[in-house]
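Below is one structure, written out as structure tokens; comments come after it.
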Amino acid sequence: MTLLHRIPKTAWIYAVLLAALAAFVLTRLDTSSLDGKAAATAPPSSAGAVKVAKGPDELPKEEDFRTVAQSGELELRLDAKTGHFAVADKRNGNVWRSYPDPSQWSTEAQEGIWRTHLRAPVMFRYIDLTGKLSQPKESNLLEERGTVKDVAAIDGGFRLTFDMPSKQIAIPIEVKVEGDSVVAKMIDSGIKEGDLSLIWVRLYPFFGAEHSDGQEGYLFVPDGSGALIPYEEHNTNVNRIYQEPVYGTDLSFKVNDEGQSRKTVAMPVFGAKSGDRAYLSIIEDGAEFTEIVAAPSGVFSGYNWVTAQQNYRSTYKQVTNESKNKFFLTYNKDERFRGDRAVRYVLLDKPKADYVGMAQRYRDYLMKTYGMKPIKPKSDKLPMTINLIGAERERGLITDRYLKTTTTADAMKIVQRLYGLGIENMTVNYMGWNKGGYSAFGAPAPVDGRLGGDDGMRQFVKFADTLGIPVYLHTNYLVNTTDAGSFNKKRHGLRDLGGTVIEPFVSLGFLGPVLDKDIAYFKTLGVAGVTTGQLGESLNSDFNTNFPASREESRKLQQSYFQKFRDAGLDVRGMRSSFFAVPYVSAIDRMPDDYSYDSFSASAVPFMQIALHGLVSYTSDYANDREQYHLQFLRDLEYGSAPSFIFIYENGEQFKYAFELHPFSPSFQDWESEAVQEYQRMSEALGDVQDRFIVNHRTLAPEVKETTYDGGKRIIVNYGTKPYEAGGLTVKPMDYLIVKGGTAP
């Protein structure tokens, strides 16, 4: 008798049930970690990998490539057998490949499926949603012994289909050359799925991938203002990758309630530099459904690589008992994110092969694509943004108390005082002016009577106009906590795929009539425009059947609302705006000037600022809310940010109990003198370059940075503890130097 037969029947049944339960739990745990950010497990095992003898024959052969298209700068070649391409840059002789650098392949030690991933032109993750117990799996064209079909020449490039019959999946693509760029596109209408459902696809994920080999190189990721992941030969961070969605996490698919530790990706770009070679990738079609994935050497292989992961499905919560917070995570087979996906690879010439060149090229792209033009400064004095808080609510044990802090009459006093002290170029952003104070979110009108009401606001705006000072009203339309505007969360609230209302967020489709009414109201007050709060910062899908919207439709709706304000003659200022909003705003407040401090990232760079300076005015965080006041003042000078303060006129001691806003030290009386001094220093440094592009940014010494503007003006900032001396210049510790024109030392 076998051991199995000696087990009692009841025990056997119990064991089977336990095994089934364990499988179910493991499945759910695996599913919930699929879209995890920043952490990666060890590479998968080699089970099922295609057996190929190691060596140069694993990669495409140079003699198999044929020229299919050319531009003035580039020559595109295709290997029709593998689906890979190579691009020769006529300007400098560089050759870029859609697969890892073959000269380094002999030292690549990675085994198993990741070895075939590295060689494959397309990777994908899929799941069987026809069964109850299915785990997502990753594969690629080579692993599935797929074929390259329907190869055809098209204007500027080629078209083909990656066909994987073993998984009943087919993915048609197009690749073209346009000037200095290669554009790779996945054609949504031709994607085929059978019983299996696509979760994501990575097309040519190892374009430009290289080993470190002691060379100067880095991956560029759009973390905060921009961050660099340096190439290292002996990387100890062997289980860390960068993975973040463009334009932020979609609340409708958010699978946990943990706070966001990373900064939102506001720019649909990434890139890489290796020696005197560099490229910038711009995600064009489908950025709303894209995650940027970057892996330094030592994680999944010896190669440094960064790519666009095109998502087609995402996990969501299916609530089973809302009161008890019971739910499970799953995918929806029928809800595939639609639309073509296109990534533009801009190949940089040698003089521009760094993050500065990437940012400058992105600036050119913004100007050409969206018609953005250099700003026209009102004067050679730098504009200073004064954020005034009208009122907020104070937390109470039973009910909250209205906390009046700056009436319209008080606002007039603050502006008059600052103007008299020499701050003549000023912009006022009035916050918390609506009924109930700042955190009473919803339709904002009218001005709270306790602050002076509509008449008081009109008087303040007219007074500011006499001084040439525009007044903007801060609004936040994306949340509603007051039921203002006839808002009803069941009818008008944002819903996830499981049908659950995501409080206190509003369906974007509900806002159209609200904005029409408010725009007419704002015009009666005479204000210059609005500051849009969260509008323009991130994207959410909406499964409210009254106002359904995909992330792409969410972007288009937000852009249409910006245009609605502009068509009515109201200017728009953004707040932490993502780049889909940039063409519609005249300024961006609280723009990121740092990164998320990942263990594998070395430093922040002002990529965002280089791309936008001269096109859009911007500020960083409020000066009187800095954690390290002088250091961040120097950072503003380095990054070209305009000064910004947040003030209240009274009740400063009580304001620390405010419900939503928590500025560190907002009392105007405490900051009046410092605000004037900072304005004078920053205006001297940056006032005459408001409309000038940043043409260079570099590190002169370990703690010394230099920013150069078109025309030659340089700002050198020394964050160190010792003086910096070079070329006859001296910059004191924790100080800066303005150099007007001339050449760099």
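No value in this document is a laboratory result; all are computed from the given coordinates. Just so it is clear, the structure is predicted and the values come from calculations on it, not from any experiment. Here the Cβ positions follow ideal geometry from the backbone for every residue, glycine too, while neighbour counts run over all protein chains shown.
For the stretch 112-168, restrict the atom set to alpha-carbon positions and state the Rg and Dmax in Å.
Gyration radius and largest Cα-Cα distance of the stretch 112-168: 14.0, 46 Å.
Glu284 to Asp64: extension gain in nm, 0.36 nm per residue of separation minus the Cα-Cα distance?
Residue separation times 0.36 nm, minus the Cα-Cα distance, leaves 76.2 nm.
Run the reach check for Lys490 against aspartates and glutamates, Cα to Cα strictly under 12 Å, same-chain hits fewer than 8 apart removed. What comes back?
Glu503
Could you check the spin-label model distance between Lys149 and Asp735? Points 7 Å from the Cα along Cα→Cβ, value in nm.
Result: 7.2 nm between the two label points.
Under the 0.36 nm per residue contour assumption, what length would be gained going from the current alpha-carbon distance of Lys350 and Gln110 to full extension?
83.3 nm
Can you give the calculated 222 nm mean residue ellipticity of the chain, where each DSSP H run of n ≥ 4 adds -39,500 (n - 2.57) and the sum is split over every residue, rounded to the nearest 500 deg cm²/dmol?
-6500 deg cm²/dmol
For the stretch 33-370, report the % of Cα-Cα distances exceeding 39 Å.
Cα-Cα pairs in the stretch 33-370 separated by more than 39 Å: 10 percent.
Hey, got the dipole for the chain? About the Cα centre, +1 on K and R Cβ, -1 on D and E Cβ, debye to the nearest 20?
1300
Using the Karplus equation 6.51 cos²θ - 1.76 cosθ + 1.60 (θ = phi - 60°), what ³J(HN,Hα) coupling, rounded to whole Hz, does each residue of the stretch 244-253 give in order, writing x for Gly and Pro?
These are the phi-based 3J(HN,Hα) values: 9, x, 5, 6, x, 5, 7, 4, 6, 10 Hz.
Give me a comma-separated list of calculated 3J(HN,Hα) values for the stretch 74-88, in order, Karplus coefficients 6.51, -1.76, 1.60 applied at θ = phi - 60°, integers in Hz, x for any Gly or Pro.
10, 10, 9, 10, 10, 9, 5, 6, 9, x, 7, 9, 9, 10, 9
Taking H as built 1.01 Å from N, whose amide H comes closer than 5 Å to the amide H of Tyr316, not counting residues under 5 places away?
Thr330
Would you pull out the residues with amide H under 5 Å of Met426's amide H, same chain only if 5 or more places away, H placed 1.01 Å from N?
Long-range HN contacts for Met426: Met384.
Output the relative contact order of the chain, whole-number percent, from Cα pairs under 8 angstrom with separation of 6+ residues.
Relative contact order, the chain: 11 percent.
Give or take rounding to whole Å, what are the principal axis extents of the alpha carbon atoms in the chain, in descending order?
Computed over the chain, the largest-to-smallest principal extents equal 90, 73, 49 Å.
Over 10 Å intervals from 0, what percent of Cα-Cα pairs in the stretch 354-411 sits in each interval?
Percent of Cα pairs in each bin: 17, 19, 22, 15, 22, 5.
Taking R0 as 30 Å, what's the FRET efficiency between Thr481 and Ala568 from their Cβ-Cβ distance, rounded to 0.05?
Details: r = 26 Å, r/R0 = 0.88.
The pair Thr481/Ala568 has a calculated efficiency of 0.70.
Say each of Leu467 and Asn332 gets a label point 7 Å from the Cα, pointing the same way as Cα to Cβ; how far apart are those two points in nm?
If labels sit at Leu467 and Asn332, their model points lie 5.2 nm apart.
Given Cα pairs under 8 Å that are at least 6 residues apart, what percent is the relative contact order of the stretch 359-407?
23 percent.
What order do you get for Ser106, Ser197, Ser603 when you list them from fewest to most C-beta neighbours inside 10 Å?
Exposure proxy ranking, most exposed first: Ser106, Ser603, Ser197.
What are the membrane-span-like helices in the chain by this rule: whole DSSP H runs, Cα extent along the axis at least 27 Å, mean Kyte-Doolittle hydropathy at least 0.5?
Flagged H segments are 9-32.
Mind jotting down the three principal axis lengths of the stretch 689-745 based on Cα atoms? Whole angstrom, largest first.
33, 19, 15
Let me check against my output: what whole-number percent is the relative contact order of the stretch 219-346, with C-alpha pairs under 8 Å and at least 6 apart?
Answer for the stretch 219-346 is 28 percent.
With all pairs of different alpha carbon atoms counted, what Kirkwood hydrodynamic radius in Å does the stretch 68-194 show?
16.1
A 29 angstrom limit on the alpha carbon distance is what I want to check against. Which of Lys137/Lys273; Lys137/Lys192; Lys54/Lys137; Lys167/Lys556; Lys381/Lys404 exceed it?
The answer is Lys137/Lys273; Lys167/Lys556; Lys381/Lys404.
³J(HN,Hα) across the stretch 212-226 via Karplus (A = 6.51, B = -1.76, C = 1.60, θ = phi - 60°), whole Hz, x for Gly/Pro?
6, 6, x, 7, 6, x, 6, 8, 9, 10, x, 7, x, 6, x
Measuring from label point to label point, each 7 Å out along Cα→Cβ, what is the Met367 to Ser166 span in nm?
Roughly 5.1 nm, to one decimal.
How much of the pair distance distribution for the stretch 548-600 lies past 16 Å, counting alpha-carbon pairs only, in percent? Walk me through the intermediate numbers first.
Values: 702 of 1378 pairs.
In whole percent, the share of Cα-Cα pairs in the stretch 548-600 beyond 16 Å is 51.
In the structure displayed, which of Lys705/Lys740; Lys462/Lys517; Lys368/Lys517; Lys352/Lys378; Lys61/Lys90 lie more than 25 Å apart, Cα to Cα? All intermediate terms of the calculation are to be shown ahead of the outcome.
Values: Lys705/Lys740 16 Å; Lys462/Lys517 22 Å; Lys368/Lys517 34 Å; Lys352/Lys378 32 Å; Lys61/Lys90 21 Å.
Pairs exceeding the cut-off: Lys368/Lys517; Lys352/Lys378.
In the chain, with Lys and Arg counted as +1 and Asp and Glu as -1 at Cβ, which of these residues, Ile191, Val265, Tyr402, has the Cα nearest the positive end of the dipole, that is, farthest along it?
Comparing the listed Cα positions along the dipole, Ile191 ranks first.
Ratio to report: Rg/Rh of the stretch 469-559, with Cα atoms as the point set and Rh obtained by the Kirkwood method; give two decimals.
Taking Rh as the inverse mean 1/r over Cα pairs, Rg/Rh reads 1.00.
Taking the number of other C-beta atoms within 10 Å as the exposure measure, put Glu62, Glu706 in order starting with the fewest.
Glu62, Glu706
Under 18 Å Cα-Cα from Lys149, which aspartates and glutamates qualify once same-chain neighbours fewer than 8 residues away are excluded?
Asp64, Asp79, Asp163, Glu174, Asp188, Glu193
Could you tell me the extents of the stretch 321-436's C-alpha atoms along the three principal axes, largest first, rounded to whole Å?
On the principal axes, the stretch 321-436 reaches 60, 55, 24 Å in Cα extent.
Quick one: which residues, 5 or more positions from Ser71 or on another chain, have an amide H under 5 Å from its amide H? H modelled 1.01 Å from N in the peptide plane, none for Pro or chain starts.
Leu76
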